[in-house]
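S.K.: Sharing a structure, written as structure tokens. Questions coming.
The values are calculated or read from the model by the stated rules, or taken from the named source; none is laboratory data. Note that the structure is predicted; figures quoted are calculated from it, not measured. Here the Cβ positions follow ideal geometry from the backbone for every residue, glycine too, while neighbour counts run over all protein chains shown. Ligands, DNA and RNA are stripped out before the accessible areas are found, and what is left, the full protein with its side chains, is counted by its heavy atoms. Shrake-Rupley method; radii C 1.70, N 1.55, O 1.52, S 1.80 Å.
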Amino acid sequence: MNTIITTIIVVSCITAVLAALLTISSRTIGNYGEVVLTINDDKEYVVNGGSSLLDTLRSERIFIPSACGGKGSCGYCKVKVIEGGGPVLATEKPLLTKEELEDSVRLSCQCKVKQNIKISIPEELFNVREYSAVVERTEQLTPTIKLLRFNFGNEEISFKPGQYIQLKAPAYEGNDEEVYRAYSIASSVTDKHAVELLIGYTGGIATTYVHHHLKEGDDVHVNGPYGDFYYHEDDGPIILAGAGTGMAPIMSILQFMADNNINRKVLFFFGARTMKDLFLLDKIKGFEEKLNDFKFVPTLSREESEEWHGEKGRVPAAIDKYIEKGENYSAYLCGSPAMIDSIVQALLLKDIPSEKIYYDKF
């Protein structure tokens, strides 16, 4: 018994000493003092060194897109570091192209602020804000997809149809990590005091938080808007294509067209496995009444029921069937990289100009 007690005491002492050493090292070795962060040559911030560039910017209320919570795995948080960034880390190189490396682009989550540093970021990121909101409504659309409506109260948000925001998932029972994840806005740009998101359950930190912990009346924090995937003015017909939660930005684009009486021919191809995977059908049917020339083409890959009389197979096959020549078309696609790549190939075969194919891979 005495041996066990002695062992426990020794282990506890060692643990306490290590914790003290970590605290001291954090306050000394990792303490770089105050440094100057210069952005776009005209904005200077005096900040405490030692944190990642991503966290340092966030502390100054400047939000850079990041879908992995700063783990260096998503590659979204790219920033051009002109001076003071130190050498590129091995953790960054797999997510940077040769051209980006030559242009001094870094992953801001991996680049640590240790000295005066100069960076360049798009001016529009200064318009990104953090918002507090209340979960006004949740609705289970399919076994794995939930609609959430966040109300900002008196605050307003401005975004383009197709853009996304980042939702902060705080620590919860079974997870002690706070992360941000990106989700496209599904609602109208005219709805200035709220946004709607479609979030599918994947088992990850954020989707577990949304599907198993978040409920109506809860407070949430989001920042945004972000993204260069949004509706572009043109006068030719439009192809929309998506699958699963990729429907979100497409719904926002359709609502924008309806709100502004835009009379362009629209073909909306939606890929799903079975009839159970289709959702928001009433809202989509409403667009048939609001838009001048709108056709919804759900395409099911695994539906065996005789009740289904629509398209079967993959979206590229449906595009081949419905589009003859596409020189004057533009296209907006949202879904998995594999799905997007296959649809892009189908569109190019129909002579749709590559510069008019806009997509958001997730």
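S.K.: Among the residues of segment 128-142, how many are closer than 28 Å to Ile62 by Cβ and either open to solvent by less than 30 Å² (accessible area, probe 1.4 Å) or among the hydroxyl-bearing types (Ser, Thr, Tyr) (or both)?
M.R.: Looking only at that region, the number is 5.
S.K.: Shifting gears a bit: Over 27 Å from Asp277 (Cβ atoms), hydrophobic (A, V, I, L, M, F, W, C) and surrounded by 13 or more Cβ atoms within 10 Å (Cβ to Cβ): which single residue out of Ile205, Ile157, Ile165, Ile239 fits that description?
M.R.: Ile157
S.K.: Oh, and also: Report, by residue number, each residue of segment 279-302 that is of a type in the set (A, V, I, L, M), over 22 Å from Asp320 (Cα atoms) and not in a helix (DSSP H, G or I).
M.R.: Across segment 279-302, the qualifying residues are Leu280, Leu291.
S.K.: From the list Tyr45, Tyr32, which one is aromatic (Phe, Trp, Tyr), open to solvent by 60 Å² or more (accessible area, probe 1.4 Å) and either closer than 22 Å to Val79 by Cβ or modelled with pLDDT under 95 (or both)?
M.R.: Exactly one of Tyr45, Tyr32 is aromatic (Phe, Trp, Tyr), open to solvent by 60 Å² or more (accessible area, probe 1.4 Å) and either closer than 22 Å to Val79 by Cβ or modelled with pLDDT under 95 (or both), namely Tyr32.
S.K.: Quick one: Gly286 ticks every box in (1) under 29 Å from the mean Cα position of the chain (by Cα); (2) surrounded by 14 or more Cβ atoms within 10 Å (Cβ to Cβ); (3) closer than 25 Å to Glu355 by Cβ bar one, so which box is it?
M.R.: Checking Gly286 against (1) under 29 Å from the mean Cα position of the chain (by Cα); (2) surrounded by 14 or more Cβ atoms within 10 Å (Cβ to Cβ); (3) closer than 25 Å to Glu355 by Cβ, the one that fails is (3).
S.K.: Now a separate question. Quick check on my filter: what residues within segment 314-339 are in a helix (DSSP H, G or I) and either basic (Lys, Arg) or farther than 19 Å from Val266 by Cβ (or both)?
M.R.: Scanning segment 314-339 gives Ala317, Lys321, Pro337, Ala338, Met339.
S.K.: Restricting attention to segment 79-87, does a residue exist that is free of Cβ contacts under 8 Å to residues at least 24 places away in the same chain and either open to solvent by 40 Å² or more (accessible area, probe 1.4 Å) or of a type outside the set (Gly, Ala, Ser) (or both)?
M.R.: Within segment 79-87, one or more residues are free of Cβ contacts under 8 Å to residues at least 24 places away in the same chain and either open to solvent by 40 Å² or more (accessible area, probe 1.4 Å) or of a type outside the set (Gly, Ala, Ser) (or both).
S.K.: Residue under question is Val81, and the condition is that it be assigned to a strand (DSSP E or B) and either more than 27 Å from the chain's Cα centre (by Cα) or modelled with pLDDT under 85 (or both); does it hold?
M.R.: For Val81, the condition - assigned to a strand (DSSP E or B) and either more than 27 Å from the chain's Cα centre (by Cα) or modelled with pLDDT under 85 (or both) - is not met.
S.K.: With respect to Thr56, determine if the residue is polar (S, T, N, Q) and either assigned to a loop (DSSP other than H, G, I, E, B) or open to solvent by 10 Å² or more (accessible area, probe 1.4 Å) (or both).
M.R.: When the stated conditions are applied, Thr56 does not pass them.
S.K.: Can you tell me which residue within segment 347-362, out of those that are farther than 18 Å from Lys265 by Cβ, in a helix (DSSP H, G or I) and of a type in the set (A, V, I, L, M, F, W, C), is most open to solvent (accessible area, probe 1.4 Å)?
M.R.: Ranking the candidates gives Leu349 first.
S.K.: Now a separate question. Within segment 180-200, how many residues turn out to be of a type in the set (Val, Ile, Thr), more than 13 Å from Val220 (Cβ to Cβ) and either open to solvent by less than 10 Å² (accessible area, probe 1.4 Å) or in a strand (DSSP E or B) (or both)?
M.R.: 1
S.K.: Same structure again: Need pairs with beta-carbon distance below 9 Å; first residue among the basic types (Lys, Arg) and within segment 199-219, second modelled with pLDDT of 95 or more and not in a loop (DSSP other than H, G, I, E, B); sequence gap 6+ or separate chains.
M.R.: Lys215/Val135; Lys215/Thr138
S.K.: Oh, and also: Filter segment 177-195 for residues that are over 11 Å from the mean Cα position of the chain (by Cα), closer than 22 Å to Tyr76 by Cβ and modelled with pLDDT of 95 or more and give the result.
M.R.: Ala186, Val195
S.K.: So, one more: Hey, Tyr76 hits all of (1) in a loop (DSSP other than H, G, I, E, B); (2) open to solvent by 70 Å² or more (accessible area, probe 1.4 Å); (3) modelled with pLDDT of 95 or more but one; which does it fall short on?
M.R.: Looking at each condition in turn, Tyr76 falls short on (3).
S.K.: Being closer than 22 Å to Tyr180 by Cβ and open to solvent by 20 Å² or more (accessible area, probe 1.4 Å) is the filter here, so list the residues in segment 109-122 that pass it.
M.R.: Hits for segment 109-122 are Gln110, Lys112, Pro122.
S.K.: Being under 15 Å from Cys77 (Cα atoms) and either hydrophobic (A, V, I, L, M, F, W, C) or free of Cβ contacts under 8 Å to residues at least 40 places away in the same chain (or both) is the filter here; which residues of segment 114-128 pass it?
M.R.: Ile119, Ile121, Pro122, Glu124, Leu125, Phe126, Val128
S.K.: OK, next. Go over the candidates Pro316, Pro337 one by one and state the one that is under 15 Å from Leu240 (Cα atoms) and touching a residue at least 24 places away in the same chain (Cβ under 8 Å).
M.R.: When all the criteria are applied, what remains is Pro316.
S.K.: Taking the criterion of being modelled with pLDDT of 95 or more, of a type outside the set (S, T, N, Q) and under 30 Å from Asp42 (Cα atoms), would at least one residue in segment 129-136 satisfy it?
M.R.: Checked segment 129-136: at least one residue is modelled with pLDDT of 95 or more, of a type outside the set (S, T, N, Q) and under 30 Å from Asp42 (Cα atoms).
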